[in-house]
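Every read-out reported here was derived from the displayed coordinates using simple, explicitly stated rules and does not represent laboratory data. Just so we're clear, the structure is a prediction, and the values are computed from it rather than from any experiment. Here the Cβ positions follow ideal geometry from the backbone for every residue, glycine too, while neighbour counts run over all protein chains shown.
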Amino acid sequence: MAPPLLEIRDLTKRYGGGLFRQPSPPALEDFSLRFAEDEAKITTIAGESGSGKTTLANLALDFIHPTSGQILYRGQDIAEMSRRERFVFRREVQAIFQDPFGTYNPFYKVDAVFNTVIQKFKLTNERSERRRITEEAMEVVGLRPNEILGKYPHELSGGQRQRIMVARAFLLKPRIIVADEPVSMIDASLQMRILEIFRNLKEEYGISFLYITHDLSTAYQISDDIYILYGGSVMEYGDIEGVIQDPHHPYTQLLVGSITLPDPDVRWEGRSASASSEETAAINLNGCKFYHRCPHAMERCASGTPQNYRITPKQTASCFLFE
């Protein structure tokens with residue numbers, strides 16, 4: 001049996017600490033996930049700021065190293081990869097970031113984005129072939145090469161710049177794309193276009209996505225499954241339909257209740273899910289991390305850490321209410 005394409009096992013990351021300093025609370029704690037080799041999917045990691053989403057993205061991309069746990073790619077621990085194995089990993093696991101403009105050098109035309117990738121990963125030495133694969137990648141994401149190539153980043157819209165980043169990732173024919181808040185800085189009218197491109201890359205080219213977001217509405221539109229993080233721990237996991245339509249963990253219910261509705265005749269009575277600085281600082285470190293904000297908090301929640309209890313065959317919640 002072939003190993004998973006990507007497997008994350010009990011991953012924990014702590015920042016800070018040292019010889020004379022107490023270790024900081026974990027930014028991510030005992031997180032596990034897997035992508036199958038033969039089934040492309042879009043998995044969302046959702047939660048408010050400080051929940052550990054970006055830490056997970058940076059770990060999955062091997063930008064930072066875990067405090068404990070493993071990340072395996074095709075069964076190989078990425079911390080122990082040879083130079084050649086790491087080269088393949090870098091090519092097959094690509095990233096799209098939140099700020100498309102920050103990725104560009106303003107002094108270079110956007111052509112350099114593609115040429116740098118082609119050169120670094122040795123895709124071709126022929127100018128005509130370089131042009132062909134660049135145009136192919138741009139057309140896949142709905143861009144017209146003759147309208148884009150030869151221009152500087154500031155001459156393009158935010159949506160165009162972000163689609164170029166998607167095209168740059170697609171150029172390498174990756175197996176997984178880690179997308180960290182990829183539509184949060186573009187107009188709502190353009191967000192759906194980017195999300196449709198993600199869905200097309202999954203269905204037509206077999207590319208999986210680790211989609212990092214705080215926006216459950218966009219997650220619901222494209223995801224297959226979802227992890228809800230709070231304080232670095234998984235509060236709820238499951239099929240996207242089940243988690244959004246029938247959330248069980250109190251934190252997930254708070255997030256879902258905070259989604260505004262598009263119907264102006266429906267009064268929105270959801271409470272904001274964003275934590276204040278006082279609430280963030282008050283994350284419980286001895287028991288359930290959501291204890292201080294939970295409307296159902298019990299005495300045992302202050303000192304005991306709940307397991308991930310199975311609610312349905314496709315849904316779990318880390319809450320003593322479901323023990």
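Here are the numbers for this structure:
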item	result
Full-stretch length increase - Ala302, Asn286 - with 0.36 nm per residue and alpha-carbon distance subtracted	5.1 nm
Fraction of antiparallel bridges per DSSP, the range 6-317 only, in percent to nearest 5	60
Partners for Lys151 among aspartates and glutamates (Cα-Cα distance below 13 Å; same-chain residues under 8 apart left out)	Asp111
Helix-only [θ]222 nm of the chain, DSSP H runs n ≥ 4, -39500 (n - 2.57) each, per residue, nearest 500	-9500 deg cm²/dmol
Computed over the range 6-317: relative contact order in percent, which uses C-alpha pairs under 8 Å that are six or more apart	21
For the range 52-114: rounded, prolate or oblate by the Cα gyration tensor [a/c cutoff 1.5]	oblate
Among Ile45, Leu149, Ile194 - extreme Cα towards positive end, dipole of the range 6-317, charges at beta-carbon	Leu149
Isolated Cys in the chain, by beta carbon distance under 4.7 Å	Cys294, Cys319
Set of lysines with alpha-carbon distance to Lys53 below 22 Å, sequence-local pairs under 8 removed	Lys13, Lys41, Lys202, Lys289, Lys314
Over the range 128-272: Rg over Rh, Cα atoms, Kirkwood Rh	1.04
Semi-axis lengths (Å, descending) of the ellipsoid that matches the C-alpha gyration tensor of the chain	36, 24, 18
